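Visitor: First the structure, which I've put down as structure tokens, then a few questions once you've had a look.
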Amino acid sequence: MRYLLLILLLPHIVSSQIHFDTSRDNNGNFPIISDKGNAAIYYDTSENILIKKSVNFLASDIEKVTNQKPKVLTNISPDNKNVIIVATLGKNEFINKLEKQNKLDLTPLENKWEKFILKTIENPGSGIEKALVIVGSDRRGAAYGVFSLSEKMGVSPWHYWADVPTEKSKSLSLQNVNFISKSPSVKYRGIFLNDESPSLRNWAKEKFGGFNHEFYEKVYELLLRKKANFLWPAMWLPTVFAEDDPSNPKVADEYGIVISTSHHEPMMRAHDEWGRYGGGAWNYETNKKKLQKFWKGGIERMEDYESIVTVGMRGDGDEAMSEGAAVELLQEVIEDQRNIISEVTQKPAEETPQVWAIYKEVQEYYDKGMRVDDDITILFSDDNWGNIRILPKKEDRGYEGGYGMYYHFDYVGAPVSYRWQNVTQIERVWEQMKLSYEWGVDELWLANVGDIKPMELPISFYLDMAWNVDSFNAADLPEYYVDWAAKQFGSKHAADIAEILSLYTKYNARRTHEMLTPSTYSVSNYREADRVLKGFRQLIEKSLVIMQNLPGEYEDAYQQLVHAPLEMSANVNEMYIATAKNQYYAELGAKVANKYADSVKIFFEKDAKLTERFHEEIADGKWNHMMSQTHLGYTSWNHPPANKMPSISYIQVRDTATLGYNIEHGTEPAWHGFSVEGDGLYSESFPTFDPINDQKYFIEIFNRGDRDLSFEIKAKDPWIKLSSTKGTIQYTEKIDVSINWDTVPDGETMGEIEISSKGQKYSVEVPLRTELPKASGYVENNGIVSIEAKHFKKQQRGKNVSWEVIPNLGRTGSSVAITPMDAERQKPDESTAILKYDFTIYDDSDLHIETYLSPTQNYQKNEGLKFAIAIDDEEPQIININEGEIKPDWEYADWWSKSVADHIKKSISKHSNIKSGSHTLKVWALDPGVVIQKFVIRTGEERNSYLGPPESNKVD
């Protein structure tokens with residue numbers, strides 16, 4: 001047991017730290033639980049019910065830490081020497097007296113939104129020695145003050161949803177504090193429970209009997225603990241939030257959670273209600289009266305609960321309206337809806353908050369110039385894959401109703417749904433939402449989070465950022481993982497856990513599990529598939545060590561938040577790459593193909609076992625059903641009825657051992673030159689070796705027969721180094737080939753290796769290049785120079801913009817982006833920011849440069865987002881990253897499907913007559929929103945791969 005001293009450092013609550021006091025001396029701090037007595041918690045019964053709920057949560061949270069529960073009082077008594085007072089501005093007489101006595105200044109809370117004060121006060125009166133006052137500008141402000149205190153004492157917002165334990169302490173004291181929070185950066189901040197069947201639905205049915213108020217209380221509590229205030233509730237058929245349990249909206253209002261309905265559910269009506277209502281055609285031209293009556297019922301049922309009414313209309317069942325639907329009709333719909341709102345509420349329509357969702361085809365109406373009344377919030381959206389589609393024009397930033405953003409961590413739709421695991425990098429969330437915020441989107445941030453689990457990390461990040469955007473800078477993003485891990489598991493292993501979280505989500509974000517296929521990662525080029533597996537395996541090894549060293553009470557939380565998602569994701573990658581190797585070696589006639597076929601079945605069966613373990617073992621089966629979403633075997637956008645193993649092949653091998661071999665990056669798979677009898681002679685060549693890159697390539701020996709194969713490899717030149725010269729194998733063995741450059745004779749350009757086994761003999765050429773230009777920067781390797789964007793040699797800052805590194809953002813490294821994100825378009829001259837990269841090529845050549853970019857959409861709706869590129873003193877080439885993207889993305893054009901599936905765009909520039917030697921690649925910042933991940937400079941054709949060539953060697 002420890003003695004806990006809670007310290008709130010000023011001026012920013014985000015920098016607050018928890019310190020443990022090894023003595024029982026409070027040293028003048030405010031004692032919450034101590035040997036001298038426990039503080040009581042006081043509130044006034046005239047307050048909103050949320051205040052009562054908050055103080056009871058606080059008492060329970062203190063009990064979680066100390067095993068002692070403070071008394072909750074409605075009258076202050078001198079029997080309690082120390083009291084915690086929770087109040088709303090102007091609603092508590094005791095607090096009002098403190099202000100009159102100049103012991104408490106509440107003016108910073110006046111007319112503010114969700115702001116709070118935490119202050120310790122000496123001798124506040126009535127025989128009380130000390131008081132800790134938590135005062136909110138409104139009911140949620142007071143609740144956020146309470147839950148801020150709870151989190152600082154070690155109670156995780158995920159204590160229920162991820163079983164995060166609370167570290168115990170015998171005593172609990174708070175350093176004297178006088179803290180004033182900011183109002184939130186974004187007014188409304190929340191989540192959408194969507195695509196919630198089968199996982200969340202079946203879990204809720206088993207635990208609570210369905211999506212009733214008992215279920216939602218857990219959701220509301222989570223939102224409050226994350227300082228959120230907004231919810232689109234679950235709505236998949238046959239769910240109706242306000243009818244399935246009439247207490248749902250009432251309890252939401254008691255928790256201070258603002259309820260609205262999704263983009264295709266206007267006027268506080270759930271999608272399934274129209275079918276229950278028997279209203280007929282969902283068509284305003286032919287069925288206006290019934291629709292108006294239906295919508296009126298939704299507003300009547302809303303009563304006085306704090307709500308935001310969705311206005312507008314889409315087709316039935318989240319579909320587009322009929323092709324003939326026009327702007328004029330939709331404007332008529334909204335006008336009539338506002339008349340209904342005014343009629344029912346007996347107030348002007350503008351006094352009821354409303355939102356119009358610019359989603360999918362509705363954006364076409366907006367693009368054509370459709371506008372709504374100035375008080376209606378306009379909710380923009382991403383493309384369902386985390387890429388913002390449209391932002392306000394600068395001249396429209398003063399729009400009264402404000403702008404919102406609907407963002408996705410989960411999606412059902414084209415090109416393929418993603419619903420199973422977290423595939424979202426928080427770095428991309430930061431970049432896109434920072435972009436949105438700087439363009440004036442600060443009224444509403446809403447994330448589609450699917451089943452809540454396993455999206456705990458991106459939910460935390462999204463809501464934390466919405467609360468205080470200014471505290472999130474690109475350079476600080478790595479530390480967010482550390483802080484978040486420390487809050488769930490303590491500080492000892494936080495850095496290692498942070499590394500796992502940052503990398504496994506990076507690996508998942510390369511391509512969703514549902515879109516993985518055997519052909520995703522290359523088996524034959526750049527050792528890509530093996531590098532992908534190595535990354536996952538290293539994380540699993542690290543995770544297992546952490547899990548063994550964490551205290552036992554953290555195991556359930558660690559499994560949910562870290563290890564199980566990692567292990568499940570790694571296993572799926574293992575399965576698809578094993579399938580790829582099965583296909584690859586079957587084509588080579590190698591016996592190992594059958595071994596990989598067996599492995600695929602093992603990984604497929606393990607997938608089911610990992611799901612079963614999650615459902616039955618973690619937290620004694622608390623999370624049964626939560627991982628039941630199918631995720632293997634997609635053949636269209638929609639999920640398959642059951643997980644399906646990828647197709648595998650078994651081959652018939654020869655009775656006798658038969659040699660086969662393959663050369664890394666060789667010209668052809670060697671077996672094509674073998675005769676049926678195995679006595680043919682076939683010569684193949686390695687790629688060229690050079691002393692700067694000092695390459696190490698492999699020869700893979702594989703057995704095409706059923707008996708063990710013995711082989712020998714001989715270097716005919718003494719300067720060729722082999723990692724092995726002979727062996728006996730059942731399946732395969734790789735032998736590394738490299739060069740001892742100190743012993744290569746002058747002018748030597750070719751060596752040879754001989755491979756033999758039982759009368760079979762083959763020779764392989766080893767070409768050399770010894771005459772090289774003076775090199776600097778990144779050096780060509782057989783026609784390729786690959787550079788990660790963050791590794792620029794120099795940045796020349798512009799007058800108004802600069803390039804900024806976003807750590808970890810991207811498929812292989814980190815990215816660079818233009819800041820500020822609302823900058824005007826720049827010119828490709830010395831006035832803007834320029835990145836410079838040094839590189840070297842070996843021969844005079846025409847170059848192609850592939851720039852790998854995050855798949856940002858043309859959110860400005862102009863001709864496209866641009867940057868400029870050149871080599872040395874060339875005239876800069878203007879590159880439009882949206883070139884050719886002429887179809888709206890809701891039509892799922894091929895360019896869009898590929899960019900979101902690959903999580904990358906590639907722009908190509910051509911550069912003629914580049915001389916051998918060292919050069920400088922220059923990149924000009926023109927438009928914010930351009931995010932560059934890497935450059936691939938090539939003199940010829942690049943080998944096929946998903947992630948592109950690994951970064952080239954660099955010389956100073």
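Visitor: In the structure shown, do any of LYS218/LYS492; LYS506/LYS905; LYS115/LYS453; LYS218/LYS296; LYS97/LYS187; LYS91/LYS218 have a Cα-Cα gap over 19 Å, and if so which?
Guide: Over 19 Å Cα-Cα: LYS218/LYS492; LYS115/LYS453; LYS218/LYS296; LYS97/LYS187; LYS91/LYS218.
Visitor: Here is a further query. If you place +1 on the Cβ of every Lys and Arg and -1 on the Cβ of every Asp and Glu, how big does the dipole about the Cα centre of the chain come out, in debye to the nearest 20?
Guide: The dipole of the chain has a size of about 2040 debye.
Visitor: Within straight cross-link reach of LYS922, meaning Cα distance under 15 Å, which aspartates and glutamates are found once same-chain residues fewer than 8 apart are removed?
Guide: Reachable aspartates and glutamates: GLU788, ASP829, GLU830, ASP838, GLU850, ASP872, ASP873, GLU874, GLU875.
Visitor: Based on other C-beta atoms within 10 Å, arrange THR819, THR688, THR505 from fewest to most.
Guide: Result, fewest neighbours first: THR688, THR819, THR505.
Visitor: Between ALA495 and GLN796, what is the label-to-label distance in nm when each label sits 7 Å out along the Cα-to-Cβ direction?
Guide: With each label point 7 Å from Cα toward Cβ, the separation is 3.8 nm.
Visitor: Are there GluC sites (Glu not before Pro) in segment 389-493 that DSSP puts in a loop and that have at most 14 other Cβ atoms within 10 Å, and which ones?
Guide: GLU400
Visitor: Going down the table (LYS52/LYS250; LYS721/LYS758; LYS170/LYS226; LYS696/LYS721), which pairs top 20 Å between alpha carbons?
Guide: LYS721/LYS758; LYS170/LYS226
Visitor: On to the next question. Compute the acute angle (0 to 90°) between the alpha-carbon long axis of helix 477-489 and the principal axis of greatest extent of the alpha-carbon atoms of the chain; round to the nearest 10°.
Guide: The helix 477-489 is inclined about 60 degrees to the chain.
Visitor: Could you check the spin-label model distance between SER723 and SER647? Points 7 Å from the Cα along Cα→Cβ, value in nm.
Guide: Between SER723 and SER647, the label points sit 3.4 nm apart.
Visitor: Still on this structure, please answer the following. Taking R0 as 22 Å, what FRET efficiency do you get between ASP470 and ASN111 from their Cβ-Cβ distance, rounded to the nearest 0.05?
Guide: 0.55
Visitor: Hey, another quick one. With mean projected area of the Cα convex hull in nm² defined as stated, name the option among (i) 66.5; (ii) 43.6; (iii) 59.7 computed from the structure displayed.
Guide: Read-out taken from this structure: (ii).
Visitor: Determine, from the Cβ-Cβ distance of ASP304 and ILE886 and an R0 of 51 Å, the FRET efficiency 1/(1 + (r/R0)^6), rounded to the nearest 0.05.
Guide: Efficiency computed from Cβ-Cβ geometry: 0.60.
Visitor: If you take every DSSP beta bridge whose two residues both sit in segment 188-472, what share of them, in percent to the nearest 5, is antiparallel?
Guide: Restricted to segment 188-472, the bridges split so that about 10 percent are antiparallel.
Visitor: Which length gain, in nm to one decimal place, applies between LYS910 and ARG371 when the Cα-Cα distance is subtracted from 0.36 nm times their residue separation?
Guide: Result: 189.7 nm gained on full extension.
Visitor: Just need the relative contact order of the chain here, percent rounded to a whole number, with Cα pairs under 8 Å and 6+ apart.
Guide: 9
Visitor: Between ASP843 and SER126, with labels modelled 7 Å along Cα→Cβ, what's the label distance in nm to one decimal, could you check?
Guide: Distance between label points: 8.9 nm.
Visitor: What FRET efficiency do you get for ASN102 and ILE602 if R0 is 56 Å and r is their Cβ-Cβ distance, rounded to the nearest 0.05?
Guide: Using R0 = 56 Å, I get an efficiency of 0.15.
Visitor: Here's something else I'd like to know. How do VAL86, VAL766, VAL327 line up, fewest other C-beta atoms within 10 Å first?
Guide: In increasing order of surrounding Cβ atoms, one gets VAL327, VAL766, VAL86.
Visitor: Give me the percent of DSSP beta bridges within the chain that run antiparallel, rounded to the nearest 5.
Guide: 65
Visitor: Taking LYS368 as the anchor, which lysines have their alpha carbon closer than 21 Å to its alpha carbon, excluding any fewer than eight residues away along the same chain?
Guide: Leaving aside lysines fewer than 8 places away in the same chain, those within reach of LYS368 are LYS360, LYS393, LYS394, LYS861, LYS887.
Visitor: By how many degrees, between 0 and 90 and to the nearest 10, does the Cα long axis of helix 528-549 differ from the longest principal axis of the chain?
Guide: Value to nearest ten degrees: 50.
Visitor: Neighbour counts of other C-beta atoms within 10 Å: give me ARG201, ARG825 arranged from fewest to most.
Guide: The order, fewest Cβ neighbours first, is ARG825, ARG201.
Visitor: Still on this structure, I have one more. Helix 213-225 against the longest principal axis of the chain: what's the angle in degrees, Cα atoms only, rounded to the nearest 10?
Guide: With both axes taken from Cα atoms, the answer is about 80 degrees.
Visitor: Shape verdict for segment 459-560, please, from the Cα gyration tensor: rounded (a/c under 1.5), prolate (a/b greater than b/c) or oblate.
Guide: Verdict is oblate for segment 459-560.
Visitor: Express in whole angstrom the spacing between the alpha-carbon centres of segment 388-458 and segment 694-718.
Guide: If we compute the Cα centre of each part, the gap is 52 Å.
Only the coordinates and a few stated rules stand behind these numbers; no lab work does. Given the structure is predicted, the values throughout are model-derived calculations rather than measurements. A quick note on method: Cβ atoms are made from the backbone with ideal geometry, for glycine too, and the neighbour counts reach across all protein chains shown.
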